[in-house]
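Scroll down for the structure; my scribbles are underneath it.
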Amino acid sequence: MAITEMEVKEIAEKINNKELSSLEVAEAFLKRIDTVDAGINAYITVAHSQARKAAGEIDDRIASGESVGEYAGVPVGVKDVLCTEGLRTTCGSRILSGFSPVYDATVVKKIREAGLVILGKANMDEFAMGSSTENSYFGPTRNPWDPERVPGGSSGGSAALVAAGEAPWALGSDTGGSIRQPAAMCGIVGMKPTYGLVSRYGLVAFASSLDQVGPMTRNVHDCAVLLDMIAGHDPLDSTSIPGARPCYADSLNPNVRGLKVGVVRELTSTGIEPGVLREFNKAVELLAASGLECEEVSLSSFEYGLSAYYLIAPAEASSNLARFDGVRYGFRAEGEMEDIWEMYDRTRSEGFGDEVKRRIMLGTYALSAGYYDEYYAKALKVRTLIVEDFNRAWGKFDVLVSPTSPTTAFKIGEKVDDPLTMYLSDICTIPVNLAGIPAISIPCGLSGGLPVGFQIMAPPLQEEKLLSVACGLESLLGFDEKPPALI
Ligand code: GLN
């Protein structure tokens with residue numbers, strides 16, 4: 001079997017027992033990237049020499065008898081919204097041109113400490129704003145299942161590179177669905193952890209009360225392993241949750257008979273493509289047939305989730321993005337200028353793309369005097385209602401389920417000029433971010449030859465239960481379809 005098709009576990013075992021060197025593994029993936037990525041555009045930056053150097057160091061440590069981590073030497077892709085020391089970080093934007101961070105994000109530091117080898121930085125919608133990876137200054141990423149289609153977004157590069165065998169797993173970030181929705185569209189597993197479980201230090205901020213980093217993997221076991229590597233308290237992130245946490249990989253238990261599953265009515269009725277609903281319903285039937293109690297539940301506040309999100313997220317973004325001013329780092333407009341105001345103006349006009357500008361304007365408006373109470377404050381109240389709806393549901397159900405995305409992957413260009421239709425892509429994923437709870441998307445079937453994602457949601461910090469249900473469903477489904485061969 002080709003190295004690029006092996007399971008993470010197999011790669012790790014072979015490196016540990018010296019059947020393969022870490023450098024050989026890195027070379028195999030770099031070759032795969034050099035062969036297929038011109039047609040996918042999943043990577044913004046491929047770190048050939050840094051990856052070779054890191055892999056060589058792991059090999060040296062193994063040769064000298066040092067005990068390296070269980071997964072040391074396994075390659076990984078990293079979304080380009082995470083700071084990587086000495087490796088260009090763009091956030092998919094022109095405005096960060098020439099920015100090479102002087103420090104690693106905490107999650108990057110952690111995966112390096114575990115011995116993972118970073119192959120490169122994954123393409124994304126500019127500043128993680130989007131659902132299709134078309135809003136990237138570096139061009140759209142294509143879906144390995146059909147290059148005419150989007151991979152979802154904003155972590156579309158991370159999802160596509162895992163699906164195309166350009167790394168065995170990757171890190172993404174999720175503010176309103178950006179890990180789960182592209183995972184669904186590319187037929188892989190993607191998880192958003194509980195807000196605060198994973199450090200946001202060094203994650204370039206979009207909407208700070210919603211952003212979380214999480215794993216994007218080929219299966220649920222790898223998802224648990226990668227979560228184990230990145231989770232944990234970080235004093236550098238004031239919203240990081242203190243205290244001990246379990247080992248997620250060790251606590252995976254696919255036998256989840258007797259658990260109570262709530263099927264969210266508001267996310268399974270209107271607006272869901274028939275093929276998506278068909279595959280979703282089949283998966284629910286499988287869960288019911290294997291001894292879980294499945295029942296419909298109505299969470300009526302979800303109707304307003306999307307509207308609340310598109311006030312809260314842009315409001316936070318308009319504040320977070322004020323720092324990109326052309327003064328300290330990144331892009332600065334050139335030519336003769338009257339004063340500093342013109343420099344700010346031209347730098348931000350030329351440096352940001354249309355969607356980012358739209359969000360800054362929406363957010364500034366929502367926060368402005370006279371509109372604050374009418375928009376922003378009202379959105380925060382809706383957020384509270386959503387939290388309360390979830391809390392009521394946890395009184396009765398262990399987990400809640402829905403499709404991850406209302407559609408399968410759409411054509412490149414199909415929705416890019418219609419922001420409202422694009423925003424609807426996240427209708428099923430947004431309530432999770434507003435409530436700060438964990439959720440996972442696993443592939444549950446194909447519709448028209450394209451992957452369909454199944455979303456499972458759990459109460460805060462119940463990642464063990466979430467991953468166990470996902471693991472159980474994964475084995476019941478036996479989904480092992482791969483994207484058609486890439487040229
Ligand atoms: N698609 C949503 C947005 O555009 C979510 C993005 C995200 O989760 N980063 O805001």
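Quick grid of which residues meet (1) within 15 Å of the ligand (Cβ to nearest atom); (2) acidic (D, E):
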residue	(1), (2)
D339	no, yes
R348	no, no
E355	yes, yes
M361	yes, no
L380	no, no
R112 vs. criteria within 19 Å of T421 (Cβ to Cβ), more than 10 Å from the ligand (Cβ to nearest atom) and not polar (S, T, N, Q): no
Residue check for V356: in contact (Cβ under 8 Å) with a residue 40 or more places away in the chain, more than 30 Å from E463 (Cα to Cα) and under 23 Å from the mean Cα position of the chain (by Cα): yes
When residues of region 143-201 are limited to those that are crowded, with 24+ Cβ neighbours inside 10 Å and charged (D, E, K, R), the one farthest from the ligand (Cβ to nearest atom): E166
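Condition check ((1) modelled with pLDDT of 95 or more; (2) β-branched (V, I, T); (3) in contact with a Ser or Thr (Cβ under 7 Å, 6 or more places away or on another chain)) across all residues:
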position	(1), (2), (3)
P140	yes, no, yes
S178	yes, no, yes
I188	yes, yes, yes
T194	yes, yes, no
Criterion (farther than 26 Å from S173 by Cβ and touching a Ser or Thr at 6+ places or on another chain (Cβ under 8 Å)) met by exactly one of G56, G65: G56
Odd one out for L252, checked against (1) at pLDDT 95 or above; (2) surrounded by fewer than 18 Cβ atoms within 10 Å (Cβ to Cβ); (3) not in a helix (DSSP H, G or I): (2)
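Please state which one of L380, L434, L362, L450 is touching a Gly at 6+ places or on another chain (Cβ under 9 Å), more than 24 Å from G472 (Cα to Cα) and in contact (Cβ under 8 Å) with a residue 40 or more places away in the chain. Reasoning before the result, please.
Working: L380 fails: touching a Gly at 6+ places or on another chain (Cβ under 9 Å); L362 fails: touching a Gly at 6+ places or on another chain (Cβ under 9 Å); L450 fails: more than 24 Å from G472 (Cα to Cα).
Result: L434 is the single residue among L380, L434, L362, L450 that is touching a Gly at 6+ places or on another chain (Cβ under 9 Å), more than 24 Å from G472 (Cα to Cα) and in contact (Cβ under 8 Å) with a residue 40 or more places away in the chain.
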Cβ-Cβ under 6 Å pairs, at least 6 apart or on other chains, region 170-196 side among the aromatic types (F, W, Y), far side assigned to a strand (DSSP E or B): Y195/Q212
Selection status of D234, among the acidic types (D, E), more than 24 Å from N123 (Cα to Cα) and away from the ligand (no atom under 16 Å from the Cβ): yes
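Condition (residue is part of a loop (DSSP other than H, G, I, E, B), at negative phi and not hydrophobic (A, V, I, L, M, F, W, C)) applied to region 302-323: is it met by at least one residue?
Checking region 302-323: not a single residue is part of a loop (DSSP other than H, G, I, E, B), at negative phi and not hydrophobic (A, V, I, L, M, F, W, C).
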Candidate set: region 393-434, residues that are under 28 Å from G262 (Cβ atoms) and small (G, A, S); chosen: the one nearest to the ligand (Cβ to nearest atom): S425
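The values are calculated or read from the model by the stated rules, or taken from the named source; none is laboratory data. Source: prediction; values computed, not measured. Neighbour counts run over all protein chains shown; Cβ positions are idealised from the backbone, glycine included.
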